């Protein structure tokens, strides 16, 4: 029998953002339709210490962000051999067995998880871009002072799916404990958050990422942190290359304004 529990019940299995580095925000309540049957196929988008951020692949849960901890459950590899929770990482597809209940929260949470089996792999650049955002955030830290919001402009990012962009936004908000959302300079001006004449984001910053079309195991990308017309830092045309299954990058020229 399918059941739906309120977000208040979420406390007994997960700690939400509290496991992403210094993050401490809990999953947020949100209306959510639940249609499940006890087995969920998912993609692991990001590993957060003892918790995993996943995207559902079932028709009824396709694209839904899911947060759960694999600690204390049976974990198996693709051959059915016993595996450790520490072996689970971004870029794996998994099949999860649970009691058919989904907790109403954001991200949503599966109740009564008993087993997880690795079913395959896929390529995910989400961890790569999280590292680039972390570098960007720490550069010229004075630009961060007094900010309460982070607007992520990912409109020019061609090698992340929309669900990966949503997951990126969620993790960034948890990591820096700031209100985080996707937006653009133009939209923020239209909303009155940025004054076009003053060109200053009083209580926030824009972190923008863009990429060019991939060529084999390489692609070019750019990034910028913007606080005002005279307060920005970033770089253009950095080179990313996949070596031994890992994405590495070469950033040669930072600009500061």
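Bear in mind that the values in this text are calculations on the coordinates, not laboratory data. Computed from a predicted model, the values in this text were never measured in an experiment. Note: ideal-geometry Cβ built from the backbone for every residue, glycine included; neighbour counts use all protein chains shown.
Once C-alpha pairs closer than 8 Å and six or more residues apart are averaged by separation and normalised to the residue number of the stretch 143-193, the relative contact order reads 49 percent.
Sequence gap at least 6, Cα distance under 8 Å: using those rules, report the relative contact order of the stretch 211-257 to the nearest whole percent.
The value is 32 percent.
Normalising the average separation of contacting C-alpha pairs (under 8 angstrom, six or more residues apart) by the number of residues puts the relative contact order of the stretch 108-244 at 24 percent. Sorting 168, 125 from the fewest to the most surrounding beta carbons within 10 angstrom yields 125, 168. Taking label points 7 Å from Cα along the Cα-to-Cβ direction, residue 236 and residue 123 give a separation of 2.6 nm. The ranking of 254, 226 by Cβ neighbour count inside 10 Å, starting from the fewest, reads 254, 226.
Using alpha-carbon positions, what is the distance between the centroids of the stretch 141-174 and the stretch 198-227, in Å? Going from one Cα centre to the other spans 10 Å.
Taking a ≥ b ≥ c as the square roots of the eigenvalues of the Cα gyration tensor of the stretch 126-256, is the shape rounded (a/c under 1.5), prolate (a/b larger than b/c) or oblate? Judged from the Cα gyration tensor, the stretch 126-256 comes out prolate (a/c at least 1.5, a/b above b/c). Put a dot 7 Å past the Cα of residue 198, heading toward its Cβ, do the same for residue 212, and the two dots end up 3.8 nm apart. The modelled label-to-label distance between residue 139 and residue 254, using points 7 Å beyond Cα along the C-beta direction, is 0.6 nm.
Label the stretch 67-198 by shape, choosing from rounded, prolate and oblate, from the square roots a ≥ b ≥ c of the eigenvalues of the Cα gyration tensor; if a/c is under 1.5 it is rounded, and otherwise prolate applies when a/b is larger than b/c, oblate when it is not.
prolate
Taking other Cβ atoms within 10 Å as a rough exposure proxy, 75, 102 sort from fewest to most as 75, 102.
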